[in-house]
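Trainee: Right, I'll just put the structure down here and ask away after.
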Amino acid sequence: MIGICGSGSFAISAAKIDPRLKAIATVSMYDMGSVTRNGLRKGLSLEQRKAMIAAAAEQRYAEFTGGETKWVDYLPVKLPADADPIRREFYDFYRTPRGQVVPEGMTVEQSQNRPISSEVKFNNFYPFEDIETISPRPMLFITGSEAHSREFSEDAYKRAGEPKELFIVPGAGHVDLYDRVDLIPFNKLTEFFKTNLK
């Protein structure tokens with residue numbers, strides 16, 4: 001199994017309970033639980049987390065009583081002038097022809113954003129708890145040396161049982177490993193799966 005970005009943490013979560021998954025690789029992994037609870041580099045305070053939870057609970061009730069869905073507006077169609085570098089990096093992929101997709105039934109504004117009432121559910125997502133139970137199945141964590149998400153691959157690697165490997169791609173940012181074919185370590189992935197899926 002291979003998981004990229006948030007799907008990396010979903011892959012780990014699945015592997016913990018499904019021994020049929022024989023080899024697990026992640027690329028530019030995001031721990032969706034940790035980033036929701038704590039922010040990047042633990043930048044979200046407990047009070048901010050409580051406020052997010054309270055707002056989501058109010059929004060769930062509003063939707064239950066027939067109100068409109070409200071969306072996290074992290075990636076608006078027009079990037080704000082004061083957007084931070086991480087938001088700009090995601091915008092450059094998800095709001096351009098590189099990676100923009102608008103699912104049927106959604107507006108362009110809604111695409112790449114999640115409802116406030118469901119985003120909060122990641123607070124109860126702990127993919128790295130019990131990660132050691134995946135061993136002895138091998139795990140490969142790939143991240144870029146410049147990736148803002150590198151902390152998640154390093155955390156998972158530290159917690160995981162053997163065999164495991166942390167592979168850092170020099171000069172690569174987070175989104176670079178989505179589609180920059182000159183940076184994606186295809187040979188490393190091929191070797192990992194050929195070796196472990198005999």
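The values are calculated or read from the model by the stated rules, or taken from the named source; none is laboratory data. Values in this document were obtained by computation on a predicted structure and should not be read as measured data. Cβ coordinates were reconstructed from backbone atoms using ideal geometry, including for glycine residues, and neighbour counts include every protein chain displayed.
Trainee: Test THR96 against the stated conditions and say whether it is among the hydroxyl-bearing types (Ser, Thr, Tyr) and surrounded by fewer than 11 Cβ atoms within 10 Å (Cβ to Cβ).
Mentor: Answer is yes for this residue.
Trainee: How many residues are in a loop (DSSP other than H, G, I, E, B), in contact with a strand residue (DSSP E or B) (Cβ under 7 Å, 6 or more places away or on another chain) and more than 7 Å from GLY144 (Cα to Cα) if we restrict to segment 162-184?
Mentor: Final tally of qualifying residues: 1.
Trainee: How many residues are in contact with a Pro (Cβ under 8 Å, 6 or more places away or on another chain) and among the charged types (D, E, K, R) if we restrict to segment 23-48?
Mentor: Count: 1.
Trainee: If you don't mind, another one. Would you please list the contacts, defined by Cβ atoms under 8 Å and residues six or more apart or on different chains, that run from a residue in segment 1-22 that is closer than 18 Å to ASN124 by Cβ to a residue that is among the aromatic types (Phe, Trp, Tyr)?
Mentor: Going by the 8 Å Cβ cut-off, the qualifying pairs are GLY6/TYR30; SER9/TYR30; SER9/PHE125; SER9/PHE128; SER9/PHE152; ILE12/PHE128; SER13/PHE125.
Trainee: Let me ask something else. How about segment 1-44: which of its residues are part of a helix (DSSP H, G or I) and at positive phi?
Mentor: Residues satisfying the conditions are ARG41, LYS42.
Trainee: If I ask for residues that are touching an Asp or Glu at 6+ places or on another chain (Cβ under 9 Å) and of a type in the set (A, V, I, L, M, F, W, C), which ones from segment 117-141 would you list?
Mentor: Across segment 117-141, the qualifying residues are PHE125, PHE128, MET139, LEU140, PHE141.
Trainee: Let me ask something else. Taking GLU109 as the residue in question, decide whether it is without any contact (Cβ under 8 Å) to a residue 60 or more places away in the chain, part of a loop (DSSP other than H, G, I, E, B), of a type in the set (Asp, Glu) and closer than 21 Å to GLN59 by Cβ.
Mentor: yes
Trainee: Just give me the residues in segment 140-155 being part of a loop (DSSP other than H, G, I, E, B) and of a type in the set (Asp, Glu), in sequence order.
Mentor: Residue satisfying the conditions is GLU146 alone.
Trainee: Would you mind finding the one in SER149, SER135, SER145 that is at negative phi, touching a strand residue (DSSP E or B) at 6+ places or on another chain (Cβ under 6 Å), of a type in the set (Gly, Ala, Ser) and at pLDDT 95 or above?
Mentor: Checking each option against the conditions leaves just SER145.
Trainee: Still on this structure, please answer the following. Within the bounds of segment 122-132, is there any residue that is farther than 30 Å from PHE64 by Cα, at pLDDT 95 or above and part of a helix (DSSP H, G or I)?
Mentor: Yes, there is a match, as at least one residue in segment 122-132 is farther than 30 Å from PHE64 by Cα, at pLDDT 95 or above and part of a helix (DSSP H, G or I).
Trainee: If you don't mind, there's one more thing I want to ask. Collect the residues in segment 165-180 that are of a type outside the set (A, V, I, L, M, F, W, C) and surrounded by fewer than 20 Cβ atoms within 10 Å (Cβ to Cβ), keeping them in residue-number order.
Mentor: Correct list: GLU165, PRO170, GLY171, ASP176, TYR178, ASP179, ARG180.
Trainee: Right, something else. Just checking, does segment 73-81 include any residue being aliphatic (A, V, I, L, M), modelled with pLDDT under 95, crowded, with 18+ Cβ neighbours inside 10 Å and over 30 Å from PHE193 (Cα atoms)?
Mentor: yes
Trainee: Continuing with this model, one more query. Based on what the data block shows, is GLY33 modelled with pLDDT of 95 or more, more than 28 Å from PHE186 (Cβ to Cβ) and crowded, with 19+ Cβ neighbours inside 10 Å?
Mentor: yes
Trainee: Further, regarding this structure: Any residue in segment 174-186 that's in contact (Cβ under 8 Å) with a residue 24 or more places away in the chain: show its pairings with residues that are among the basic types (Lys, Arg) and exposed (fewer than 15 other Cβ atoms within 10 Å of the Cβ) at Cβ separation under 7 Å, as long as the two are six or more apart or on different chains.
Mentor: That search, which allows pairs on different chains as well, returns ASP179/ARG98.
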